[in-house]
Structures are given as structure tokens and as C-alpha cells.
Amino acid sequence: MKRYAFGSYFIDATDLGDILPLARANHTVGREKGGAQASGGTGELNNPNPTADPMDQQAFTMVMAIGYPRSGGSDNRVSKPASYVTHEPSFRTFFADNLFDPSKEYSWDDGPNFWQYRRVSALSNFTSGSVLEDVSLLNFACNDFKSGVLLGVDDAAKAANTAAAKELSLSMLYYLQNEVPRPDGGTDYPALRLRPDVSGTLDGIAKTPYIREGRRIQSIGRIFEWHVEVDNRVALTGLPDSQGTAAQFTDSVGTGHYWLDIHGGPKDPTGLWQRCYPYQIPLMALIPNNVANLLAGGKCLGTTHVTNGAYRVHPSEWSIGEAAGIVAAFCVTRKTDPRTVRASRMSELTSVLTAQGVQTVWPTAVKNRWLLPKGVRS
């Protein structure tokens, strides 16, 4: 009989928290019930909703890799997508102030230029002739897909929503190739072209959606808005925002920082953009409340819908995954488990984390430096 070896610990680092249902880990999707904790709510400043809604999920985006040669170039315009007329007004509003120009290098002192916002290859960084063109990833608020979700729907709806999100992004490309205003008073950049060689796909669109919110474990301890968000901390502690900090966790296994950045979806088109203090990643949020050998390794950790808006971003996810790997190795080599570690061996774990270069506490000098450059969203 063939025998199979199974791991001692498993880490869910998937975008949608796909391991959680397979492991039968308790988890949640979407927005929790808001309002006062005494009535079963989260007690969060920015979730006053009296009922939970699993379909209140952040928008996802089908990102595109786009090239532009700056000098000359052929006409690479795509065909007008069928849904273009529906989306065009939002593109016109978003790019109304000449915020997109791939034709030359700009200083951010001149104002934002969305071509440089997520550029991954810049001609100015290479010797002449070694690179043919700039390449940028196009992921803006106006190609966020807000009309449907990927969790809580059947496979047919998921496929349809993904296809519609691709058409939305292609509609934006069509607008940029044909109608976007240029700083010189003209319109269009027809030389913009899809770069399948960069995306690794036949169509130049990303292999998978950019997911901002997936399943989240019901952990042994959750991260709430009043742990990290500036205004909620001020209301809780009474300290001026310039003197406050995020909650300090004795079981911290990492640090991160971002604002509460919620991109509106079908149930909440407005979203949220609120200040956060530099925060910690508590071990309690990585441990499911009903599975002993599973750890969160990304955005599926025990946040709420609101705090997911900060902890979901890539630097925090990398820190979460790094911590989860070290915790799992610690448990295997020392024949223990995460709950025991948290209860009685945190000093030992902290020493291991520190030896690995993991920062578990923010330096005092930066604890309340919570501002980000204007306009930085993901």
C-alpha cells in the first residue's frame, strides 16, 4: 500500500483563504455586524452597520501589463469592448486632470502621474538601447470591479465576474489609447500596448485577479479597528492623535503599516481611507480557534472587514507569512504548538524572531509617524 507523508503544520497564504474551508477552519467572509460590542458588534468606529453581510467584499481588479516606447511606436489600439460605453464616464472623471502621461519622465513634485504609479520598467534606469520601452501595471480605482464578488457565489458567477472585470480593464486601455487627455492638449496614446511577455498570459492581463479581501480565520484573538486606527484610538484612549500609538501586543510576531484602505464593492461603493498608526502583528490573529496545526500566512489572518483594509497590503502580508513560517518551524523543532507558545514561550519565540531579523516592536521614534504620501493606495 502506498503511503503518503503529510505536513505537521499548514500555512494558508492564498489570496482567498482557500485552505480554510478545506481544513474546516472556522472563518468569516465580508463585513461583520457593527455597532456596540455589548450588542454583539465589533465596536468599530467605521462599521456602524447593524447586520453582518458576507457579500460586502472589497472590489478586485484584473491588472494589465502595458508597454509604451515614448518615441514613435505603432498603433496598438484594441477593439472597443462591448461594455465600454458603460465604463467610459468613470474613466473620464478619473483622468480629467491630465494625470496620465507615459510620454516623458515626470518628477512627483510636478504632481502625480499614474503611468509612473506602478511602473515596473523605466527607460531612465537603463543604458540607451538596452530596453525598448517603459512598462507599467495598470491598477487604478476606475478599473476596480465593483459589480460582483468572488466568494459566496457559484463557479459560473465567479467566472462571469472575472470575465467582466477583464473587459472593464480592456475598456480602460481603450480609453487611454483613444480618448484620455494629454498635457499638450491632445488626446490618446495609441502606442500603448499589452505586454503578454510580462504578464505571462496570452492576453496581457494578469493570470489571476488582484484580491483585496478573502476569507478570514476566526482566530483566538482578532484585530479590531480600535487597535490600530488613529481616530478610533483617540476616542478610546483620549490621547491626541500625535501622542497616540497602536495597541501594543505582548504576543507580537511582526510589524506593519498602512491606512485602512477599503476599495468599495457591490454593497459599499464608497469604501474607506482612514489613518492608521504603525501596528503590530499579534500571534493570536494567526491561530484559528478550532484547528491546531494551521496558521494564517497572509491576509486570511484574524482581522475584521475594516482592519483587513490595512493588514491586506503586501508588506504586511510578507511579514505575516514570515512570522507564520518561523512559528511553524519553532513548533515542529520544539515539539510544541502555537497556543502553548503564545501562553508560555513567547520570550523564547521572540528571541528566535529577533535572531532572524524580524522586528516585533516599532522603534519609539516612528510609532506615531502614521502619515503616508498623498494618494498612495493599493
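For the chain, modelled as a GNM whose springs connect Cα atoms under 10 angstrom apart, the maximal fluctuation among ASP155, ASP144, ASP110 occurs at ASP110. Taking each of LYS33/LYS207; LYS104/LYS267; LYS33/LYS166; LYS104/LYS146; LYS80/LYS158 in turn, the alpha-carbon distance tops 29 angstrom for LYS33/LYS207; LYS104/LYS267; LYS33/LYS166; LYS104/LYS146. Kirkwood hydrodynamic radius computed over the stretch 70-204 comes to 16.2 Å, based on all pairs of distinct alpha carbons. Split the accessible area of the chain by element, probe 1.4 Å, and carbon with sulfur accounts for 54%.
Translational diffusion coefficient of the stretch 228-291 at 25 °C, 0.890 mPa s, Stokes-Einstein with Kirkwood Rh over Cα pairs, in µm²/s as a whole number.
Details: Rh = 13.5 Å.
Answer, rounded: 182 µm²/s.
For the stretch 79-123, the C-alpha radius of gyration divided by 2.2 N^0.38 Å, with N the number of residues, is 1.41.
Taking Lys and Arg as +1 and Asp and Glu as -1, the other residues whose beta-carbon sits under 14 Å from that of ILE220 total +2.
Under the rule a/c < 1.5 gives rounded, and otherwise a/b versus b/c splits prolate from oblate, where does the stretch 87-161 land using the Cα gyration tensor? Oblate shape, in that a/c is at least 1.5 and b/c is the bigger or equal ratio.
Enclosing the Cα atoms of the stretch 310-365 in their convex hull gives a volume equal to 108 cubic angstrom per residue.
Largest GNM mean-square fluctuation across ARG345, ARG195, ARG212, computed for the chain with C-alpha springs under 10 Å, falls on ARG345. Each 10 Å bin from 0 upward holds the following percent of the Cα-Cα pairs of the chain: 5, 21, 28, 25, 16, 5, 1, 0.
Using just the C-alpha positions of the stretch 165-294 as equal point scatterers, what log10 of I(q)/I(0) does the Debye formula give at each q in 0.17 1/Å? Listed by q, the Debye log ratios stand at -1.01.
Which stretch or stretches of the stretch 68-88 have amide N atoms under 18 Å from the point lying 7 Å from VAL131's Cα along the Cα→Cβ direction? Answer for this model: 68-73. What fraction of the Cα pairs in the stretch 6-112, stated in percent, has a spacing above 18 angstrom? Cα-Cα pairs of the stretch 6-112 separated by over 18 Å account for 75 percent. Normalised by the number of residues in the stretch 252-332, the average gap of Cα pairs under 8 Å and 6 or more apart makes the relative contact order 33 percent. Charges were assigned to the Cβ only: +1 to each Lys and Arg, -1 to each Asp and Glu. The resulting dipole of the chain about its Cα centre is roughly 1100 debye.
Suppose all protein chains stay in the model; what accessible area per residue would a 1.4 Å probe give for the stretch 87-181, in Å²?
Numbers: 4360 Å² over 95 residues.
Accessible surface, normalised per residue, equals 46 Å².
Here the label points at TRP108 and ARG70, each 7 Å from Cα along the C-beta direction, are separated by 1.9 nm in the simple model. Relative to one another, the C-alpha centroids of the stretch 62-113 and the stretch 297-350 are positioned 40 Å apart. Quick check on the stretch 161-220: take the gyration tensor over C-alpha atoms, sort the square-rooted eigenvalues as a ≥ b ≥ c, and tell me if it's rounded (a/c under 1.5), prolate or oblate. Verdict is prolate for the stretch 161-220. Build a GNM of the chain with springs between Cα atoms under 10 Å apart, and of GLU32, GLU348, GLU317 the one that fluctuates most is GLU348.
The values are calculated or read from the model by the stated rules, or taken from the named source; none is laboratory data. Since we're looking at a predicted model, the values are computed, not measured. Using ideal geometry, Cβ is built from the backbone for each residue, glycine included, and neighbour counts are taken over all protein chains shown. The accessibility values were calculated without ligands, DNA or RNA, using every heavy atom of the protein model including side chains. Shrake-Rupley method; radii C 1.70, N 1.55, O 1.52, S 1.80 Å.
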